[in-house]
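Please treat every number below as a calculation from the coordinates, not as lab data. Not measured: the values here are computed from a predicted model. Here the Cβ is made from the backbone with ideal geometry for all residues, glycine too, and neighbour counts use every protein chain on show.
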Amino acid sequence: MKEISVLGVRLSVTDKQEIRHAVSAAIREGTKLSLVAINARKIVRAADHEEVRRLLDTFDIFLADGASVVKAAEVPVERITGVDLMEDLCAHADDLGLSIFLYGAALQNNLKAQEVLRARYPGIRIVGYCSGYDDGDVREKINASHANVVFVAKGTPAQEKWIAENKEKTCANVYLGVGGAFDILSGSLVRAPRWIQNLGFEWLFRMILEPRRFSQLPELIRFERMNRKDRKRRQVKENENRKTRNQCSGTGVYRSADRSRPCAGGTSCEGVRCQSESAQEPGGR
Ligand code: UDP
């Protein structure tokens, strides 16, 4: 699976179909596959704390969960949130041979989420569950259920830590952190309408619904700053590379990007002038 890096954090360039294949392969071959949803907050925390970076590095697939992460990526990546991927896997549960364990959220939301999933996807096999607030025996419950997929809804970073620490101690093959997915499925949390998601403002919608999330604003602003700085750095580097490529060997004279024609102005030009021309070329996004 192709990977890029956004501010030092790995991001998988993938789609739901490829992920379904990876899930199916992990189950067939009896291997472990853990997936983490990457958003701006996680990237900022990884930049600040080495242990967060190390924790994220234990995962296998890195979903572009946040709209700002999708925007920051150097190549086009599909936005895949934890909740969307969970629903996609549930929709294909029968074909993929999934037996599912739901771990996390308040008990009533966990139970309601199961009810909704069973109604939506009739062939689905939900073989066990555990609330996220009374979970001393969750490992035993998972192992007794023989689940091959565990959706973990405990919030960040608790769910990522739990997956990293427990995936080898429990029987399932696939572990996905899904944040507030069970609350959304149960109807106790409203997700932003599709048009707001498409505009990239789901985070703002959630902040308005849950004002405590406004405390996350500084991290989001910091992400934008870090991203802008990184983009500038990449643009400078790109311009330098372009200059080197365009430099006529041995003469010290620069030409336009198209070597068959001279720079604007009709004649080959001096380095200084081309430097300023290349600086005006759009380098990044
Ligand atoms: N949660 C839980 N146990 C805890 C704390 C939280 O099961 O000790 C659940 C909570 O009920 C909610 C989910 O974790 O269903 C957190 O969702 P949130 O949207 O806050 O996740 P985040 O945005 O932090 O990934």
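Per residue, the Cα convex hull of region 196-241 amounts to 59 Å³. Rounded to the nearest 5, the antiparallel percentage of DSSP beta bridges internal to the chain is 25%. Remark: region 102-113, residue by residue, has Karplus-estimated 3J(HN,Hα) of 9, 10, x, 6, 5, 3, 5, 6, 4, 5, 5, 4 Hz, where x stands for each Gly or Pro and the curve is 6.51 cos²θ - 1.76 cosθ + 1.60 at θ = phi - 60°. Multiplying each eigenvalue of the alpha-carbon gyration tensor of region 2-209 by 5 and taking the square root yields semi-axes of 25, 20, 17 Å, largest first, rounded to whole angstroms.
Less than 5 angstrom separates the built amide H of residue 125 from those of 100, all sequence-distant by 5 or more or on a different chain.
What whole-number distance in Å separates the alpha-carbon centres of region 145-201 and region 204-223? Distance between centres, Cα-based: 19 Å.
The HN-Hα couplings worked out from phi for region 130-145 by the Karplus form 6.51 cos²θ - 1.76 cosθ + 1.60 (θ = phi - 60°) are 7, 6, x, 10, 9, 10, x, 10, 4, 4, 4, 4, 5, 5, 5, 7 Hz, whole numbers, x standing for Gly and Pro. Classify region 1-112 from the C-alpha gyration tensor, please: rounded if a/c falls under 1.5, else prolate or oblate depending on whether a/b exceeds b/c. It is prolate, given that a/c is not under 1.5 and a/b is the larger ratio. For the peptides 126-134, 112-120, the ranking by packing is 126-134, 112-120, with the highest mean count of neighbouring Cβ atoms within 10 Å listed first.
For region 99-144, the calculated P(r), taken from all Cα-Cα distances in 5 Å bins from zero up to the bin holding the longest distance, is 5, 24, 30, 23, 13, 4, 0 percent. Over region 154-254, the ratio between the Cα radius of gyration and 2.2 N^0.38 Å evaluates to 1.77. Of the cross-linked pairs 2/71; 154/229; 161/229; 42/167, those separated by over 24 Å at the C-alpha level are 154/229; 161/229. As a rough footprinting exposure proxy, the listed residues 212, 228 were ranked by other beta carbons within 10 Å of their own, and the order from fewest upward is 212, 228.
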